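See below for the structure under consideration.
The values are calculated or read from the model by the stated rules, or taken from the named source; none is laboratory data. Just so it is clear, the structure is predicted and the values come from calculations on it, not from any experiment. Virtual Cβ from ideal backbone geometry, glycine too; neighbours counted across all protein chains shown. Protein only, heavy atoms only, side chains kept; ligands, DNA and RNA dropped before computing areas. Shrake-Rupley method; radii C 1.70, N 1.55, O 1.52, S 1.80 Å.
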Amino acid sequence: MPKTLAGSIPVSPGGAPDPGRRFPPGSFSWRSFSFKRMSPAVLITLLGVLAVLAIALFMTIDLRGNLSYALTRRGIRVGAMLVVAVAVGLSTLMFQTVTSNRILTPSIMGFDALYILIQTALVFALGSSTLLTASPSLKFAVEVGLMVVFSGLLYRWLFTGGNGSLHLMLLVGIVIGTLFRGFSSLLQRLMEPSEYIVLQDLFFASFNQVDPVLLGISAVVVLAILMVVWRLRKSFDVLALGRETAINLGVDHRRIVTLVLVLCSVLVAVSTALVGPVTFFGLLVVSLAYQMVRRFSHAALIPVVCLLGVITLVGGQLVLERVFGFATALSVIIEFAGGLLFLYLLLKGSLK
């Protein structure tokens, strides 16, 4: 009968660890713990419990004063986090599936740069007071419309002509994003310092001042897209195998990819217009989801990505408020962690 090390790790008769043997019933080792040992159903259930726990703690911890007002304000903030978590995580997952690249995100297409350019141009032309007093619904509609139109024009590079390719679209997106950032920087240098201070607050995602009406509209849009994506989950599994394989298996690659890119553009536009840009958040949660899921099936990846996004945003905001006392914005921490992950993936050689 084989011996065990520390009563848990099976070893061969010679004393060396035997990785091919199962652990004896009733034994456990934290060093052997892995999320990939869990079935997708167990993993999703665990993440769901953690997400509900994070939301419950955020809604109830240190609750004082007018309970109705406090719960309403916290509920709006939680709702915004849920919408952003689902929108950004889902768009990043779909985008990486159709591009067959684990490091690309929709933000690389210039969405964040376009958002910053829109805000900068409005402040430069109309002044910060006009921007702050403008109708939130009108401002939201203009921002979403411009970003969707921009993505629609950009995707023509992919589907017009016989030489259109996804790599060409990505290259054009990077160049246009750089152009937008350069033009924004020029306008910022020309404006008054007081105007720039007001503008700078719009460059980071904020969940503290979300309009309830816009939140409701965004939630309906994101929920509708989530339902469409869930129906296409099996097609995503085939798309992940590559363009040629997907076509050979009977998938209408052109139609599905066009639909996915349009849905990605709407999700990113709605999320960015609602709270502001979160460049590396999607890369962070999707990369973590791939590390936790045993099989890269979108039936498991979609809920895991959404739940991880909720846990990251709500749990991170809870820790930031109760432990660090609003020392900094949550988006700054997310961008820092996501930026480190981006550099790690580059150094690891994940860029194809």
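When segment 164-268 is described by a simple charge dipole with +1 on each Lys and Arg Cβ and -1 on each Asp and Glu Cβ, the residue from 180, 198, 226 located farthest towards its positive end is 226.
Normalised by the number of residues in segment 197-324, the mean separation of alpha-carbon contacts (under 8 Å, six or more apart) gives a relative contact order of 31 percent.
Whenever you get a sec, compute what percent of the accessible area on segment 66-107 sits on carbon and sulfur atoms (1.4 Å probe). Before the final figure, lay out the partial values.
Working: 740 of 1230 Å².
Here it works out to 60 percent.
A simple packing score, the average count of other Cβ atoms within 10 Å per residue, orders the peptides 125-136, 226-237 as 226-237, 125-136, with the highest score first.
State the percentage of accessible surface on segment 208-286 attributable to carbon and sulfur atoms; use a 1.4 Å probe and exclude ligands, DNA and RNA.
62 percent
Calculated translational diffusion coefficient of segment 235-289 (37 °C, 0.692 mPa s; Stokes-Einstein with Kirkwood radius over alpha-carbon pairs) equals 252 µm²/s. In whole angstrom, segment 34-140 maps to an equivalent ellipsoid with semi-axes of 33, 28, 8, each derived as √(5λ) from the alpha carbon gyration tensor and ordered largest first. Taking the average, over residues, of other Cβ atoms within 10 Å as the packing measure, peptides 110-120, 285-295 rank 110-120, 285-295 from highest down.
Rounded to 0.05, the FRET efficiency of the residue 62 and residue 337 pair, given R0 = 25 Å and the Cβ-Cβ distance, is 0.45. Using bins of 10 Å that start at zero, the share of Cα-Cα pairs per bin across segment 183-225 amounts to 22, 33, 25, 19, 1, in whole %.
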